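Asker: One structure follows; several queries about it will come next.
Every number in this text was worked out from the coordinates using simple rules, so none of it is lab data. Remember, it's a predicted structure, so these values are computed and weren't measured experimentally.
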Amino acid sequence: GPTPTPGEGNTVRFNVADYGFDNQTALGTYTVDPITFAFDGGGNQNNPKYYSSGSAVRCYPKNTITISGKTITKIVLNTPSDYTNAIDLYCGSEKLDNFTWTGNSSEPVVLTFDVNKTSGQSRFVSIDVTFAE
């Protein structure tokens, strides 16, 4: 993973490949100490799911990722280079450029895939979270 520069805090990576998920596993809640990642359908019957084809998690409209545990300063969803993502990612009403959130939040950060879409998917292979000491 990226080495944080002094003053930027620490970075942890939720790396899908580390979990040995079976094909079509719906994701739940996982901790990469000290950060917790909670995946939810958000009202869509399809939760974020791991597919062995592409070795990535597929996310659908309304799906959410809640990231908590420390004061979070940056979140990056790393997406496969060979797949064009169809659904934008938001934090509140803010559309995130390049699936990257920056801020300073001691509260959980909730990322939501576009609630106005009815179909399509976006994929990630890992999530990097930078947090303050």
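Asker: May I ask you to evaluate 6.51 cos²θ - 1.76 cosθ + 1.60, the Karplus curve with θ = phi - 60°, for each residue of segment 111-123 and list the ³J(HN,Hα) values in order in whole Hz, giving x for glycine and proline?
Answerer: 9, 10, 6, 2, 6, 8, 7, 10, 8, x, 8, 10, 10
Asker: Ok, one more. What ³J(HN,Hα) values, in whole Hz, does the Karplus curve 6.51 cos²θ - 1.76 cosθ + 1.60 give for segment 42-59 when θ = phi - 60°, with x put for Gly and Pro?
Answerer: x, x, 8, 5, 9, 6, x, 10, 7, 10, 5, 6, x, 6, 9, 8, 9, 10
Asker: Counting every Cα pair in segment 1-100, what percent are over 16 Å apart?
Answerer: So the pairs more than 16 Å apart make up 62 percent of the total in segment 1-100.
Asker: Given the Cα-Cα distance of residue 118 and residue 71 and 0.36 nm per residue of separation, how much length would full extension add, in nm?
Answerer: Taking 0.36 nm per residue and subtracting the Cα distance, the gain is 13.6 nm.
Asker: Between 68, 119, 52, which gets the highest mean-square fluctuation from a Gaussian network model of the chain, Cα cutoff 10 Å?
Answerer: Of 68, 119, 52, the Gaussian network model singles out 119 as fluctuating most.
Asker: By how many nm would the segment from residue 22 to residue 53 grow when fully extended, if each residue of separation counts as 0.36 nm and the alpha-carbon distance is taken off?
Answerer: The residue 22-residue 53 span can extend by a further 10.1 nm.
Asker: Step by step: find N for segment 50-133, compute 2.2 N^0.38 Å, then divide the Cα radius of gyration by it. What's the final number?
Answerer: 1.07
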